[in-house]
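This report concerns only the one structure given below.
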Amino acid sequence: MISCKDISFSYDGKVPTLSNVTLDIADGEFLCILGGNGSGKSTLAKHLNALLVPDSGSVEVDGLNTSDPQLVYDVRSRVGMVFQNPDDQLVATLVENDIAFGPENLGVPTSELSQRVADALASVGLMGFEQHETHALSGGQKQRVAIAGALAMHPEVLILDEASSMLDPRGRHGLLKVCQELNHAGMTIVMITHFMEEAALADRVVLLDRGRIALEGTPEEILTRADELHSLNLEEPFACQLALELKRRGLDITPHVDEESVVTEIRAAMGRHIETSLCDKTAASDEAPQSSDTAPLIQFEHVYYSYEKSTRERARRRKKNAPATQAAEWGNDPNAVWALRDISFDVHEGEMLGIAGHTGSGKSTIIQHMNGLVHPTQGRVLLQGASMADKHVNETAKTTVGMVFQYPEHQLFANTVFEDVAFGPQNLGLSANEVTERVLEALRLVGLDADEVAQKSPFELSGGQQRRCAFAGVLAMRPRVLVLDEPVAGLDPAARTEFLQLIDDLHARGLTIVMVSHSMEDIATHCDRVLIMNKGSIVSLGTPREVFASDRDLKSIGLGLPAPQHMARLLRDAGIPLPHRRLYSTKTLAKSIVALAAGGVA
Amino acid sequence: MSEQSTHIQFQNTNKWETKQLVTMALMCAIGAIFMYVQIPILPSAPFLSYDPSLVPAMVCGFAYGPVSGLTVGVLAVVIHALTTGDWVGGLMNIVAAIFFILPAALTYKKLHSFRGAVTGLILGIVCATAASIVSNLTIGVWFWYPSMDFIMPLIGPAIIPFNLIKTALNSVLTLAVYKAISNLITPEKQQVKGK
Amino acid sequence: MEAFSFGSYYAGRSFVHRLDPRTKLLAGFGFLFIALASHTFPALAVLAIGIGISYALARIPAHYAVRSVAPLMVLVAFVAILTLFTEQSGRVLFHLGFIQISEGSIYSCCFIACRMFLMMCGMSLVTMTTTTLDLTQAVEKLLMPLARVGFPAHEIGMILGIALRFMPQFATELSQTYQAQVSRGAKVASGPIGSLKFLSSISIPLFASVFRHAETLASAMDARCHHGEAGRTRLHPLRFCAHDVAAGIFMLALILCAAAVIILL
Ligand SMILES: Nc1ncnc2c1ncn2[C@@H]1O[C@H](COP(=O)(O)OP(=O)(O)OP(=O)(O)O)[C@@H](O)[C@H]1O
Ligand SMILES: Nc1ncnc2c1ncn2[C@@H]1O[C@H](COP(=O)(O)OP(=O)(O)OP(=O)(O)O)[C@@H](O)[C@H]1O
Ligand SMILES: [Mg+2]
Ligand SMILES: [Mg+2]
């Protein structure tokens, strides 16, 4: 279908972005391209679509050479492409206009257009969305519309360039399902991703490293080579992590990339022990219950919040939407009256609180209450015992509670990194000396070298550095509480680990941390307490063990369990007597399994 | 999937490169949004309020030349007029946009430096203020005001100072924005440092 | 999410709603110019009847119509009040210090207020019955003849379309940046330098975001064969139909009536 012969490409004529890449993609194949940030994945993808042409070598799609200007539109109509950010690839206000954009450009007759739109929408599972406005869709829906827009051109190949990386788990799952269905229907899929669980589903995996193909093979071959993956800023899928950990501990298991085969392997490896040790003792908890007797720093008392300001409007809506509220399948009903309902909890001094919940469940709304950006419609929020409704307290809240919003790098604005970080302290009216001192301290805290970056424009930094710079801007306010809204969204695995480490360090220095995250693993491993939200109310609040280890089904509200927890459940279902009511990490889970296999009790 | 057998041949008839076209469109969107920002600056004429809506057009004019800047400025006004229904006000805003952006962008095109930008903006301030007087006396009188005599006494105390302040604010903001983002406009390799 | 609804479109299926947007746009402009030419109350009365019929045909609830015209009324009120004090002729009815109201000023005040009110009703009827999307298409279509002489009509249509698509998104981004900067202690009012800094601290990120979006959006459009107007088809091409002819005749009749009244009286 597509064949790349020895292509090299450079953006500036000096540093090669791709060098001597040779790659054949077969008809109907599901290919996955992996690689760390900046390894040239997107550049390669753009070559497959004639958006870029190689400096040397050739790319042929269906036998058409992409560097022939006569054939550009032929190539592009055969190869559809979906990009990373759901927000910036839809061109029209209405879904149907957006999907029709490609076929319109191809000159498809008007009589056929609406059929194409309907078909494309049906194949991504969005029947009847023609008249919806694109900006009002959820991220996952937007990506599906983008796929439909490519499908409406009747392409033979679909390229997804990290299309799922900005979605929540549910959206990601849905998107992947669509891709698999398309693949089964005969479409060739080329997927670029940072999520190894997705790569595990491909027929073939290609690993890029600095513009070269480093490894190539089936997921089973490639994704189980932990050391090589780590050296390329990637990590192996969880199932494989566990298998490798077990192997290290002496259990004879062949690593696999999917959970089922690993479960089978484990069962096989310890088959004979299961009969002997069928005594499923519900072991006592292995961690001491958290004592939370430190002073509450922020208190929520029966907080209700509505984005609708006037009571009359609220009442009108309530009347109109009373039955519809029930109907919302998941997420808040967009017309629901309350974004938050009866929220009461405390944030304690020095703790790390994780907040999870599906999209639109009110996480961002909650944290905006914490520094007085918004005020509850009913109820109160107290900061150190004083109500934030008070103007004075509200002022203090701005300095006591530091807010890092989602994609904080999007707020950088000043000419130099120094000025940007200094913006907060200057607003506090501090002396020049103190401002400098704080800026340097903040830059050091986030691991940026002040001598190197302080005088650069923040827009010249790399993505990860920009985020650090934005962090520093908040830390320079010397907050006591740091509130983070999805701090690691959109980073590759290595950068995620680094950032979580940074947050842990800040926590260890005594900062109270509130972190919103979609990743249950991150919350389970890093946070002291977890708050789960659903439709604007609190579903559960407690230590990760209390929340995740209880058999309460988080799936019913659209959330998954942390991967080790999920695996433990699968193993239990497969008849392996792992104790209930325990919070597992990869290590402890492996330890328990090995102990069981050795004939002991986990 | 279906077979694409016929050969597709089109001419690219676009006047602008896709990326420039898209940037202009997004600037237009920002301009149209900024029109909803209303900051009253003169107590003597409360209906004259400041909005930074010409900044995107001016940034575009500096980045891509006068024609692009003008297109963005005019289209932002058109969008606003079409959404709110205030066509006559829109007409006056278009005149203001033309006379603010054109002199500045032309000067900057000739003299591609910080000094060129400042000179251009000052020229823009003068032209735009003059144009606003004329448009109040013509368009305003045709559509709104009962007669010339009505608007004459307002020129000195309201229209001139208001337009001066407004365009000056726009100019300073443009400089700040353009300086901050200028290395995003042209990719690193082509960029001429130190403007 | 009902993030931001721009404009004053009122969804409906009435006769006026179903007209071709070009017809409405042209009729709107036509109306503006007859209003401009009307210098007497009888002519205004003819226009008022015309507008009344159009509103009735559009079946827009009265309160909705009022709400959408209201913001424009500020200017009407302002001009009307100023007229009351500046335009003097005829018998003086009221005198207090430098304030003086005469018969002539009351007459001009009423006349100006009525005429401006009618104009604004006309313009806002068009925006209430047509989505901005359709209007931008109409603008593009009406400019098309100029494309022969090299005028970028199609590009302008594209720009308008994309701009409309991104307005709600930028509005959301604007409010997010605003919140972020406020969290860092930025204050709206703190002297001219301070407020300029505040303004730039929330607008520069927005401009940076333009360039971030433009990169991918351009690739996404190119990948979908964006190549200009030649050989392009439309999902919903604009077509004039019988309704539009009827509306055209109505408009013509209105113009003739108004002209007759202006000339005869
Ligand atoms: N338009 C451009 N101009 C100049 N250099 C570029 C451009 N786009 C990318 N590069 C450079 O080329 C290299 C490869 O970039 P590319 O976007 O292909 O990486 P990637 O593997 O897709 O990374 P990511 O995971 O961040 O998406 C990077 O070093 C990047 O800085
Ligand atoms: N500015 C706003 N105006 C009106 N409604 C809003 C606004 N912001 C959020 N909402 C609504 O409030 C509810 C909660 O939104 P919130 O942003 O707090 O969710 P979230 O849990 O942070 O979601 P996500 O994971 O997508 O960030 C949603 O139903 C949303 O539609
Ligand atoms: Mg990429
Ligand atoms: Mg959120």
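Okay, residues lined up against (1) away from ligand 3 (no atom under 16 Å from the Cβ); (2) out of contact with any helix residue (DSSP H, G or I) (no Cβ under 7 Å at 6 or more places or on another chain); (3) more than 10 Å from every other protein chain (Cβ to nearest Cβ):
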| site | (1), (2), (3) |
| --- | --- |
| A:20 | yes, yes, yes |
| A:25 | yes, yes, yes |
| A:50 | yes, no, no |
| A:58 | yes, yes, yes |
| A:78 | yes, yes, no |
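Of the conditions (1) touching a residue at least 60 places away in the same chain (Cβ under 8 Å); (2) assigned to a helix (DSSP H, G or I); (3) at the interface with chain C (Cβ under 10 Å from one of its Cβ atoms), residue B:58 fails just one. Which one is it?
In the conditions (1) touching a residue at least 60 places away in the same chain (Cβ under 8 Å); (2) assigned to a helix (DSSP H, G or I); (3) at the interface with chain C (Cβ under 10 Å from one of its Cβ atoms), residue B:58 misses (3) alone.
I'd like the full set of residues that are surrounded by fewer than 23 Cβ atoms within 10 Å (Cβ to Cβ) and closer than 19 Å to residue C:23 by Cβ, limited to the range C:133-178.
C:133, C:134, C:138, C:139, C:140, C:141, C:142, C:143, C:144, C:145, C:153, C:157 - these are the residues of the range C:133-178 that are surrounded by fewer than 23 Cβ atoms within 10 Å (Cβ to Cβ) and closer than 19 Å to residue C:23 by Cβ.
Enumerate the helices (runs of 4 or more DSSP H) found wholly within the range A:511-602, keeping only those where 1 or more residues are basic (Lys, Arg).
A:563-573, A:586-597
Are any residues in the range A:126-140 within 12 Å of chain C (Cβ to nearest Cβ) and either within 16 Å of ligand 3 (Cβ to nearest atom) or outside any loop (DSSP other than H, G, I, E, B) (or both), and if so, which ones?
Hits for the range A:126-140 are A:133, A:134, A:135, A:136, A:139.
Can you spot a residue in the range A:511-531 that is farther than 29 Å from residue A:371 by Cα, within 16 Å of ligand 2 (Cβ to nearest atom) and either buried (at least 22 other Cβ atoms within 10 Å of the Cβ) or outside the structural domain of residue A:365 (by TED's automatic domain parsing) (or both)?
No, the conditions are met nowhere in the range A:511-531.
Report every pair of residues separated by at least 6 positions or lying on different chains whose Cβ atoms are under 6 Å apart, first residue within the range A:160-181 and farther than 24 Å from residue A:561 by Cβ, second within 15 Å of ligand 2 (Cβ to nearest atom) and polar (S, T, N, Q).
Once the first residue is farther than 24 Å from residue A:561 by Cβ and sits in the range A:160-181, its partners that are within 15 Å of ligand 2 (Cβ to nearest atom) and polar (S, T, N, Q) give A:163/A:143.
Quick check on this structure: which one of A:521, A:460, A:452 is away from every other protein chain (no Cβ under 14 Å) and farther than 26 Å from residue A:348 by Cβ?
A:452
Which one of A:425, A:479, A:487 is in contact (Cβ under 8 Å) with a residue 40 or more places away in the chain, within 16 Å of ligand 2 (Cβ to nearest atom) and either over 28 Å from the mean Cα position of the chain (by Cα) or not in a helix (DSSP H, G or I) (or both)?
A:487
For the range B:122-157, which residues satisfy the criterion of being over 29 Å from residue C:30 (Cα atoms), touching a residue at least 24 places away in the same chain (Cβ under 8 Å) and within 11 Å of chain C (Cβ to nearest Cβ)?
Scanning the range B:122-157 gives a single hit, B:154.
A quick yes/no check of all residues on (1) over 30 Å from the mean Cα position of the chain (by Cα); (2) under 25 Å from residue A:140 (Cα atoms); (3) surrounded by fewer than 20 Cβ atoms within 10 Å (Cβ to Cβ); (4) within 16 Å of ligand 1 (Cβ to nearest atom):
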position	(1), (2), (3), (4)
A:48	no, yes, no, yes
A:57	yes, no, yes, no
A:73	yes, no, no, no
A:79	no, yes, no, no
A:85	no, yes, no, yes
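For the range C:193-230, which residues satisfy the criterion of being surrounded by fewer than 23 Cβ atoms within 10 Å (Cβ to Cβ) and among the basic types (Lys, Arg)?
C:197, C:212, listed by residue number.
Return the only residue of A:6, A:12 being more than 16 Å from ligand 4 (Cβ to nearest atom), of a type in the set (Asp, Glu) and either closer than 16 Å to residue A:193 by Cβ or not in a strand (DSSP E or B) (or both).
None of the other options fit; the residue is A:12.
Give me the residue from the range B:14-29 that is among the polar types (S, T, N, Q) and part of a helix (DSSP H, G or I) and, out of that set, farthest from the other protein chains (Cβ to nearest Cβ).
Here the residue is B:20.
Checking residue A:202 against (1) within 14 Å of another protein chain (Cβ to nearest Cβ); (2) away from ligand 1 (no atom under 16 Å from the Cβ); (3) in contact with a strand residue (DSSP E or B) (Cβ under 6 Å, 6 or more places away or on another chain): exactly one of these is not met. Which one?
(1)
The values are calculated or read from the model by the stated rules, or taken from the named source; none is laboratory data. Everything numeric here is computed off the predicted structure, so don't read it as measured data. Using ideal geometry, Cβ is built from the backbone for each residue, glycine included, and neighbour counts are taken over all protein chains shown.
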